[in-house]
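What follows is a set of notes on a single structure, which appears directly below.
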Amino acid sequence: MLFKTKEELMEAVQDHSIRHARREYYVTESSKTKWKVLCKHSTEGHVKCNPSYGIKHVIQNVKDQTGYDVPYQKAWYSLKMAREIVYGTWESSVKKLPAYLGAIQKYNPGTIVEWKHKGFQASTGKYVMGYVFWAFKPCIDGSSSVEMLLV
């Protein structure tokens, strides 16, 4: 749909929200040429409350609230976006990891952290991390008193 003015768009969204969708919304971005809204009660809330909230739950929830059968791909995409909003992306999590593990080492002296890097991948143009391992000092100390038992 194309609208001649921003006001026309706003009226259409409000009308649709009241007549058909029966959903509250809020404005996330507004300028002279842009008006972005999101549903107040979206998938994000379900993901926060229940991390195992799945695609079948999204499909059923949309069906129950709106009567609309949402395609699997759209449900998957909305769940992916909701998880990224709630938990962040993989990339943002990996960027936070060094600071997090540094804080663990600072406040838990003797904690061991080892990184395994795969290196730069020319095909993707990105640096790839293999894995990270850490062991807390109390766990290391506690395991020294454990006897090895072979059965």
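Could you list W90, W35 in order of exposure, starting from the residue whose Cβ has the fewest other Cβ atoms within 10 Å?
Values: W90 9, W35 16.
Listed from fewest to most nearby Cβ atoms, that is W90, W35.
For the chain, the longest principal axis of the Cα atoms and the long axis of helix 72-87 meet at an angle of about 60 degrees. If the limit is 21 Å between Cα atoms, which of K32/K80; K95/K118; K106/K137 go over it? In this structure, K32/K80 lie more than 21 Å apart at Cα. Could you work out which residue, out of E24, E84, E11, moves most in a Gaussian network model of the chain, that is, has the largest mean-square fluctuation with Cα springs under 10 Å? So, out of E24, E84, E11, the one fluctuating most is E11. Derived value for the chain: Kirkwood hydrodynamic radius 20.5 Å. Basis is the mean of 1/r over every pair of different alpha-carbon atoms.
Could you pull out the pairs from K34/K96; K4/K56; K34/K74 whose alpha carbons sit more than 30 Å apart here?
Details: K34/K96 32 Å; K4/K56 38 Å; K34/K74 23 Å.
Going by Cα-Cα distance, K34/K96; K4/K56 fall outside the 30 Å limit.
Helix 55-66 and the longest principal axis of the Cα set of the chain meet at an angle near 30°. Computed from Cα atoms, the angle from the helix 6-16 axis to the main principal axis of the chain rounds to 80 degrees.
Read-outs: derived from the displayed coordinates by stated rules, not from any lab. What you see is a predicted model; the values in this text were computed from it and never measured. All Cβ positions, even for glycine, are placed from backbone atoms using ideal geometry, and neighbour counts span all protein chains on display.
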